[in-house]
Amino acid sequence: MKTGIRAGVILSVMALSACTGQGRKEAGERIITVTIEPQRYFTEAIAGDRFRVVSMVPKGSSPETYDPTPEQLVSLGRSEAYFRIGHIGFERAWMERLMKNAPRTQVFDLSKGVAFIHEEGTMHEGHYHAGGVDPHIWNSAVNAGIMAGNIFRALCVLDKDNEAYYSARRDSLIRRIEETDRIVFNLLKQDGAGHAFMIYHPALSYFARDYGLHQICIEESGREPSPAHLKELIEISTFEDVRVIFVQPEFDRRNAEVVAKETGTRIVPVNPLSYDWNEEMIHIAKSLGH
């Protein structure tokens, strides 16, 4: 978290943004702010042209550590609502301050109703987020359906007159999610599809739960793996018949390359933070199915 001059600038902009929010409806543009791009995909799918949806965490940045820019804080001050993902690092660090300085912005939690994975900290799968909840709920067809329902209900609170419009668009999104789920399931049940996979940051815990897969994390308690941990990962990769190591754009891939070199495992780039949620889910499944 940044301090000093940077923090002073942010707090000043936050105070300004609280004042600018008063005229947001009168200006004719209605804005909803979300944390990450997959949320924007789901929200735009249901909101249609009734709201403009903006993301706080830009492409290529980690929502675990991202700090908002002054420009984003001004935009937040014009938002009627903030749709939070639930437990991601950015929200845990910033939400209280953001909402204190944007008191007219309503907050809706899209994780309501999700069956959380509570991290146990085991060597194979353990990763530590504040609060002990795995926050990557969006990488799951089951959770995506729950989030769609939460978005629909939030939009009805914000704009009750257009409930029928949002209902039809929600139903269309649900059908898309269900079709994605069917495609992923069929890909993963093919002969030869991998059961275990390795990934640097454990963003696919809920995906793994949905389809009975084993996610193995390269990170060691949220940090770079030690040489001893890397050695154990190489042994686990062989024992579990891991064929794929997923690498994400916001994380260094060097440790994945070390394991891949020793085991002959394929490295596959993925982006669990992609706006194109359905395409990314199918890409992950295809990578495991080959």
| request: Would you mention how many residues in region 26-58 are surrounded by fewer than 24 Cβ atoms within 10 Å (Cβ to Cβ) and either part of a strand (DSSP E or B) or not assigned by TED's automatic domain parsing to the domain that holds Arg169 (or both)? | output: 5
| remark: Counted residues in region 66-92 being at pLDDT 95 or above and of a type in the set (A, V, I, L, M) come to 2
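Name the residues in region 44-75 that are within 27 Å of Gly132 (Cβ to Cβ) and either without any contact (Cβ under 8 Å) to a residue 24 or more places away in the chain or in contact with a Leu (Cβ under 8 Å, 6 or more places away or on another chain) (or both), would you?
Step one: filter region 44-75 for residues within 27 Å of Gly132 (Cβ to Cβ), giving 55-57, 61-68.
Correct list: Ser55, Met56, Val57, Pro63, Pro68.
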| Which condition breaks for Ser61 when tested against (1) out of contact with any helix residue (DSSP H, G or I) (no Cβ under 6 Å at 6 or more places or on another chain); (2) of a type in the set (Gly, Ala, Ser); (3) crowded, with 24+ Cβ neighbours inside 10 Å? | (3)
| task | Take region 201-235 and flag every residue that is aliphatic (A, V, I, L, M) and within 17 Å of Phe185 (Cβ to Cβ). | result | Leu204, Ala208, Leu213
| field | The listed residue being free of Cβ contacts under 8 Å to residues at least 12 places away in the same chain and acidic (Asp, Glu), out of Glu80, Glu91, Glu96 | value | Glu96
| message | Can you find, within region 255-265, the residue that is surrounded by the fewest Cβ atoms within 10 Å (Cβ to Cβ) among those that are of a type outside the set (Asp, Glu) and over 24 Å from Asn139 (Cα atoms)? | response | Gly264
| said: Is it the case, given these coordinates, that Tyr206 is within 24 Å of Pro63 (Cβ to Cβ), among the aromatic types (Phe, Trp, Tyr), at pLDDT 95 or above and in a loop (DSSP other than H, G, I, E, B)? | reply: no
| request: Could you tell me which of the residues Arg170, Arg175 is closer than 26 Å to Val114 by Cα, surrounded by fewer than 19 Cβ atoms within 10 Å (Cβ to Cβ) and of a type in the set (Lys, Arg)? | output: Arg175
| Which listed residue, of Ala228, Ala208, is in the same structural domain as Val268 (by TED's automatic domain parsing), surrounded by 18 or more Cβ atoms within 10 Å (Cβ to Cβ) and without any contact (Cβ under 8 Å) to a residue 12 or more places away in the chain | Ala208
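Please specify each residue of region 211-225 satisfying the condition of being surrounded by fewer than 22 Cβ atoms within 10 Å (Cβ to Cβ) and either in contact (Cβ under 8 Å) with a residue 12 or more places away in the chain or under 16 Å from the mean Cα position of the chain (by Cα) (or both). First the steps, then the outcome.
Taking region 211-225 first, the residues surrounded by fewer than 22 Cβ atoms within 10 Å (Cβ to Cβ) are 211-216, 219-225.
Matches in region 211-225: Tyr211, Gly212, Leu213, His214, Gln215, Ile216, Glu219, Ser221, Gly222, Glu224, Pro225.
Within the group Phe251, Phe246, Phe239, Phe197, which residue is of a type in the set (Phe, Trp, Tyr), in the same structural domain as Ile284 (by TED's automatic domain parsing) and more than 25 Å from the chain's Cα centre (by Cα)? Lay out the reasoning, then the answer.
On the way: Phe251 fails: more than 25 Å from the chain's Cα centre (by Cα); Phe246 fails: more than 25 Å from the chain's Cα centre (by Cα); Phe197 fails: more than 25 Å from the chain's Cα centre (by Cα).
Every option except Phe239 fails the conditions.
The values are calculated or read from the model by the stated rules, or taken from the named source; none is laboratory data. Computed from a predicted model, the values in this text were never measured in an experiment. Note: ideal-geometry Cβ built from the backbone for every residue, glycine included; neighbour counts use all protein chains shown.
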